[in-house]
1. Just wondering, is there one or more residues in segment D:218-238 that are surrounded by fewer than 24 Cβ atoms within 10 Å (Cβ to Cβ), in contact with an Asp or Glu (Cβ under 9 Å, 6 or more places away or on another chain) and farther than 30 Å from C:VAL44 by Cα?
2. As an exercise: evaluate B:LEU249 against (1) within 14 Å of chain D (Cβ to nearest Cβ); (2) surrounded by 24 or more Cβ atoms within 10 Å (Cβ to Cβ) and give the number of the one condition it does not meet.
3. Return the total of residues in segment A:132-149 being touching a helix residue (DSSP H, G or I) at 6+ places or on another chain (Cβ under 8 Å) and buried (at least 22 other Cβ atoms within 10 Å of the Cβ).
4. Determine which single condition B:GLY143 fails, assuming it passes every other condition in (1) at negative phi; (2) in contact with a Lys or Arg (Cβ under 8 Å, 6 or more places away or on another chain).
5. Enumerate the pairs (first residue in segment D:138-157 and more than 12 Å from chain C (Cβ to nearest Cβ) and in a loop (DSSP other than H, G, I, E, B); second residue anywhere and surrounded by fewer than 24 Cβ atoms within 10 Å (Cβ to Cβ) and among the small types (Gly, Ala, Ser)) with beta-carbon separation below 9 Å, excluding pairs fewer than 6 apart on the same chain, so at least 6 apart or on different chains.
6. Quick one: which of D:GLU19, D:GLU64 is out of contact with any Pro (no Cβ under 7 Å at 6 or more places or on another chain) and at pLDDT 80 or above?
7. Against the definition (charged (D, E, K, R), within 23 Å of D:LYS245 (Cβ to Cβ) and touching a residue at least 40 places away in the same chain (Cβ under 8 Å)), how does A:GLU283 come out, yes or no?
8. Taking C:GLY76 and the conditions (1) modelled with pLDDT under 80; (2) closer than 30 Å to C:LYS103 by Cβ, which numbered condition does it fall short on, given that it satisfies the others?
Protein chains: 4
Amino acid sequence: MLIVMKLNAPRSDVERVKEKILAIGVTGNKGKVDPELFLNLPGVLEAIPVTKPFKLVSRDVKTENSVIQVDGIRIGGRELTVVAGPCSVESRDQIIDLAFALKNLGIRFLRGGAYKPRTSPYSFQGLKDEALLYLKEAREATGLRIVTEVKDTATLAAVAECADILQVGARNMHNYSLLEALGSVRKPVLLKRGFAATIEELLMSAEYILSGGNSNVILSERAIRTFETATRITPDLNSIPIIKKLSHLPIIVDPSHGIGVWDGVTPMSLAAIAAGADGLIIEVHQDPAMALSDGYQSLKPSRFGRLLEKLQQLAPILDRTLTRLPESAGVGR
Amino acid sequence: MLIVMKLNAPRSDVERVKEKILAIGVTGNKGKVDPELFLNLPGVLEAIPVTKPFKLVSRDVKTENSVIQVDGIRIGGRELTVVAGPCSVESRDQIIDLAFALKNLGIRFLRGGAYKPRTSPYSFQGLKDEALLYLKEAREATGLRIVTEVKDTATLAAVAECADILQVGARNMHNYSLLEALGSVRKPVLLKRGFAATIEELLMSAEYILSGGNSNVILSERAIRTFETATRITPDLNSIPIIKKLSHLPIIVDPSHGIGVWDGVTPMSLAAIAAGADGLIIEVHQDPAMALSDGYQSLKPSRFGRLLEKLQQLAPILDRTLTRLPESAGVGR
Amino acid sequence: MLIVMKLNAPRSDVERVKEKILAIGVTGNKGKVDPELFLNLPGVLEAIPVTKPFKLVSRDVKTENSVIQVDGIRIGGRELTVVAGPCSVESRDQIIDLAFALKNLGIRFLRGGAYKPRTSPYSFQGLKDEALLYLKEAREATGLRIVTEVKDTATLAAVAECADILQVGARNMHNYSLLEALGSVRKPVLLKRGFAATIEELLMSAEYILSGGNSNVILSERAIRTFETATRITPDLNSIPIIKKLSHLPIIVDPSHGIGVWDGVTPMSLAAIAAGADGLIIEVHQDPAMALSDGYQSLKPSRFGRLLEKLQQLAPILDRTLTRLPESAGVGR
Amino acid sequence: MLIVMKLNAPRSDVERVKEKILAIGVTGNKGKVDPELFLNLPGVLEAIPVTKPFKLVSRDVKTENSVIQVDGIRIGGRELTVVAGPCSVESRDQIIDLAFALKNLGIRFLRGGAYKPRTSPYSFQGLKDEALLYLKEAREATGLRIVTEVKDTATLAAVAECADILQVGARNMHNYSLLEALGSVRKPVLLKRGFAATIEELLMSAEYILSGGNSNVILSERAIRTFETATRITPDLNSIPIIKKLSHLPIIVDPSHGIGVWDGVTPMSLAAIAAGADGLIIEVHQDPAMALSDGYQSLKPSRFGRLLEKLQQLAPILDRTLTRLPESAGVGR
């Protein structure tokens, strides 16, 4: 902390600041010292924090990359992770069929929303528990691991029972009660960056989960709100190299929400991996024109397959790999 | 909804769009029709929504201003509302003493945080249930009505039992599970605008509460995130006249968080009322330099009293009133 | 400047930083030391500037408010300044008629665009030199002082010959060649804040003009770009108290561009003055529906007159005055 | 244009709108019809533009990609373009030495600032005409083509005489007088996106140059201002696929300013090309720690060489090529 005094601050003001510093030093402090504690003392012009407020998520605490194990699959290592599936689970047939299609493309993680937070109370909010049943069935039939969103603490237990990875949506990144609850869950958490959250706040939200005892956190860059209106939000790919310096946690990118139109998903997926992301979470739907939500930004499986081929070509340039295992499909587990 | 077709879209594409319109018309739709339903059809260039997505909060549904009754006091009428108090309840003495000081200044609403959502898991999170007890005691001793934040559904019942007005913080404006729960609570809700929420989203969050059955919602403009770094956030006072046109709900402004430094609170309070706000929520603390949170933006009671005098002079210019009743202060002390 | 070294920076890195500090100290430096000079040295983690980069515009250099004299009228003192007129000069009759209407309302400054910077090369760019002639005629007929925009250095001499105050538009706030040229002009400059400029950058642009020898600069807050789409831009009224602390220069607000719709201009004008602005620049047009530009945000003279009455009531609450002198209106017509 | 009338707008209001539409139709209109022309008519609720305001830069006018020829080298075709060099020309030796180093790496375009627009009047503003001389000498010695910034109309002739490509900086993207002047220059223009400019505004600024008669415009994405403070600005890579759909003009990315720290330049360069950019403009300096400006974001030639190798591996995945011709170095032209 750098305390800048006003030019003509009297000796007594300086002494009062000194006392406060001593008081804080004696009682000890967890995390960052709040600049406010000094700003409101007389004679103080500025109080500039020098150290970062996060601890457990920081590279200072853990130098090597964290690799999150999900039922035997590693996220954050050399191997790239690709999560795919529809925005919402819409029916049993839809999700089971798509799960097999994805498995045949060599995918190992299926995403699908059961509980959907929506801006309007009148929009489709997901099939809820019914969707969780279909996701479990898809898992059993294909062996795909399930990534689905947890919307609140009330449904956390039910969702955690079904999910291999619990997704926290952008609007819940600041829901600290939910983050605290996720600290004591034994499942990995995919934490999406809020659309108005700074990188520091994303890391602080991850800190909530780690400090609660759950160190299996995967960060996810989506996109942030800016003045630009040509796309709904603007992906901040700068955040990839910046977060890689600050934190040991893996980070995957959501290009579907990031650009919001299906024909921009392929270039923005390649861009995210080129920037250093550990993986992607992509919306795929058999019939995007008929999707109940986010159809406009969803890829058909055939186009998604071509994207995967490009990613396999790209990976070695970045010292990464992307393994696809379609041949092992069909047996389930 | 305006559907713009591509210049060379074949007749068959146009027919498909027509069918979809008919299908939607036949099944009926609640609220706004989602442009996505058309965007993903072949041949469609743009789908531009024409009507607003909110209903119950809209002036189209209710022309006159809503006046919220809080234990006999009216919010949203000619009389301006001023809510004052500390960011956090820090001790029994602090809140009781301040409640009396505010009562003597003619204030009728005491704010004070019991459960505090904080960006860092290591920051002070409020005295919680202990603070609720002190707030109740302050209410009994002074007759001031209590405004305090509800952080999650788990603590809603306890907070609702104490509060006269339930405050939803900026970070929870998108917490739809909490908003749904507030729809069935019999207490007025003070809904703060999220720091990255559009005006439309604020109104949609209010729509959640109204559509759940609770029409006693007071909106609150705080400030939004922008590129400017001289202040932490930027108050969007445009939102006052804009919301007054779109909605019948009252709106009050939080100038303390809006500018973030105590010596800017007085001008920004006057500006908010001049822009047409129905009231203010202001941080007041006996000893800002010793406050556990937000001290730098808190006013001392004496300076707050001078602000109230200015507000009383300003009110009649805007055809408003600001009544201060220190003399009727129940028992006093 | 605070230089934060990496935890394990070797002694030699620290020595290299020391040498650089000495080198800079010896040669002297104008204004702020650039943090970059240190950031690229090995071992350096952060370089945090502590002092502000502006000098001549700063309160540190001049404690009392600057009052700009325009042909005997004072801007920045106790008296509020109101500049009014159309976005563009559209015809001789339009501007002369409006000038008389404004004079009869007690206004002393007429605004009107002759050279108009427009986003599209196909939009109306102003009547140019013809408009300058009409403005001069309006000045001679009514005694109103003229405020008009200077678009580039090529037309500066012609515009300066006509204008009493040279306006620099938001898009030219970063046009340093124009700012340099204005440093050697003997006319006051009204410098609008760019829609993506920080407060610090606005002050640095003023610094260009002052350091060139022209200290007659009036700042103007307009509005900044944010994610909000309900209004085109968002006025940053926080900037008024912040700039009043940092700088001695007067600041006036443009509420017409700030909210962009005529029925929001009155509340936002009152808000700007309540926040501490020294005056307003407002778009007024006899027949807004027929205006060639900005009609939607223009007030009719009758409504503008009612706003002036409100401002006269508001001024004394803020220890300001607003004098209107229709009776002294030279000849009238 | 979609005109939405108020629910209860009388017949006469509708008639007035009809008349205006007819009037506009009869007189003809260039480019977009301004929504304002309708917004200020009574009874009108909204006026929503449906067509895009740009013409000559649009894919509607020219379907295939534009390829800009610069002295025999093609920009915007299959071959990627890499422009490299220091932020500022600092001395004769610096620029000549670096030009040879870049030539040996197979680079064909040398960037270097002669006239530098700076936020502070006290910062280094470039070596100006002296720098132009050094750039010419570097061109003669190495055959590298020169890219340098033109700051204003006054120095345009001198800069154009030296430059093979005239760069317009981000702060000048809205300088319409300069853009008009560039319309009649016979040199290609590299037009940087302003840090608060929308994609549509960037295209409109290009439209100024094309409509003036110069169709050799190369767009450049740099980065935009957002609330994020971890990096100075945020590159909007979404703009690449979006602009490729809207316009036929080539677009290259400036990753150095986009991330602002040298160790982020390599990943963000790869990301930009993966997103579909036609090339890069990168800051390279022999001794970044000693650079007079932007040293912190500059690469050393050795590291830049390794980036070029990665780019050569990446290009074929995207059906592009990157040719490097170090062997032809040393002869000059």
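1. no
2. Failing condition for B:LEU249: (1).
3. Total satisfying the criteria: 9.
4. Against the list (1) at negative phi; (2) in contact with a Lys or Arg (Cβ under 8 Å, 6 or more places away or on another chain), B:GLY143 comes up short only on (1).
5. Sorted first by the residue in segment D:138-157, then by its partner, the pairs are D:GLY143/D:SER328; D:GLY143/D:ALA329; D:GLY143/D:GLY332.
6. Selected residue: D:GLU64, the only one of D:GLU19, D:GLU64 that is out of contact with any Pro (no Cβ under 7 Å at 6 or more places or on another chain) and at pLDDT 80 or above.
7. Considered against the rule, which asks whether it is charged (D, E, K, R), within 23 Å of D:LYS245 (Cβ to Cβ) and touching a residue at least 40 places away in the same chain (Cβ under 8 Å), A:GLU283 comes out as yes.
8. C:GLY76 satisfies all of (1) modelled with pLDDT under 80; (2) closer than 30 Å to C:LYS103 by Cβ except (1).
The values are calculated or read from the model by the stated rules, or taken from the named source; none is laboratory data. Just so it is clear, the structure is predicted and the values come from calculations on it, not from any experiment. Virtual Cβ from ideal backbone geometry, glycine too; neighbours counted across all protein chains shown.
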